[in-house]
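Right, one structure below, let's go through it.
The values are calculated or read from the model by the stated rules, or taken from the named source; none is laboratory data. Since the structure is predicted, the reported quantities are computational estimates derived from the model, not experimental observations. Positions of Cβ are backbone-derived with ideal geometry, glycine not excepted, and every protein chain shown enters the neighbour counts.
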Amino acid sequence: MKLPELKIGKLVAKVPIIQGGMAIRLSTARLAAAVANEGGIGLIAASGMPFEELRYEIRLARKLSPRGIIGINVMVAAREFKGIVTTAIEEGIDLVVAGAGFSRDMFAWGKASGTPIVPIVSSAKLAKISQSLGASAVVVEGAEAGGHLGTNRSSRLIVPEVRAAVDIPVIGAGGVLYGKDVAEMLRLGASGVQMGSRFAASVES
Ligand SMILES: Cc1cc2nc3c(=O)[nH]c(=O)nc-3n(C[C@H](O)[C@H](O)[C@H](O)COP(=O)(O)O)c2cc1C
């Protein structure tokens, strides 16, 4: 199977895989850069990071992957949510993925700089609201995903529902470990996948 490119706004990833943000420093610059260098999208998990550390990690990721696509993941429920998003935007981050809650305000912060904002959703309803607020894509997390979840339904059920509800790219997350899982998500209508646990088991994490 030939993997399609993943387009989010003006960004084009050769490999349709986003390395999901994993807080408490499981995914920092080294992991994000390694994924970005392979053609995927690497995310620095920014929740709970002091702003100076976040700036350092973004600059380090850029140094390790000058041409790769690097974003941040931030939990909406985290302390200093706004400060983290605006600091990353100031540093020229490529995209912001936000989960564990929902913020209407973040779309305006991204709009001014043209930074794609990608919320993590668990229903077609929230995906639709996200699209109407200006989301560049949505990540769909179902019950199989690691992290803080908003549903006990499978991603495999929610992805097709979200696909039917919105026109923006849909990224399937949860229990994607092998190539066959990527292929399954794409068949269900996803434009790409977000993987967490698999990347936690890596030297760079
Ligand atoms: C240890 C761990 C930490 C995570 N931390 C975050 C986080 O800080 N913010 C977030 O939005 N998602 C977080 N996630 C979810 C991942 O970004 C990703 O969506 C999820 O792991 C996908 O499911 P998988 O683990 O089955 O691949 C975390 C997942 C794991 C396993």
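Taking the conditions (1) within 14 Å of the ligand (Cβ to nearest atom); (2) among the aliphatic types (A, V, I, L, M); (3) touching a helix residue (DSSP H, G or I) at 6+ places or on another chain (Cβ under 7 Å) in turn, V76 satisfies each one other than (3). When the test is whether a residue is under 18 Å from S205 (Cβ atoms), within 13 Å of the ligand (Cβ to nearest atom), at pLDDT 95 or above and surrounded by 20 or more Cβ atoms within 10 Å (Cβ to Cβ), G20 passes it. Restricting E53, E90 to residues that are away from the ligand (no atom under 11 Å from the Cβ), charged (D, E, K, R) and in contact with a helix residue (DSSP H, G or I) (Cβ under 9 Å, 6 or more places away or on another chain) narrows the list to E90. Kindly indicate whether any position in the range 155-165 is closer than 25 Å to I24 by Cα and either at pLDDT 95 or above or among the basic types (K, R) (or both). Yes, because at least one residue in the range 155-165 is closer than 25 Å to I24 by Cα and either at pLDDT 95 or above or among the basic types (K, R) (or both).
Residue-by-condition table, conditions (1) free of Cβ contacts under 8 Å to residues at least 24 places away in the same chain; (2) more than 15 Å from the chain's Cα centre (by Cα); (3) within 29 Å of R79 (Cα to Cα):
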residue	(1), (2), (3)
V96	no, no, yes
R153	no, yes, yes
L157	yes, yes, no
A164	no, yes, no
A183	no, yes, no
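Here S27 passes the criteria (1) surrounded by fewer than 24 Cβ atoms within 10 Å (Cβ to Cβ); (2) within 16 Å of the ligand (Cβ to nearest atom); (3) over 23 Å from A127 (Cβ atoms); (4) in contact (Cβ under 8 Å) with a residue 24 or more places away in the chain except the one numbered (1).
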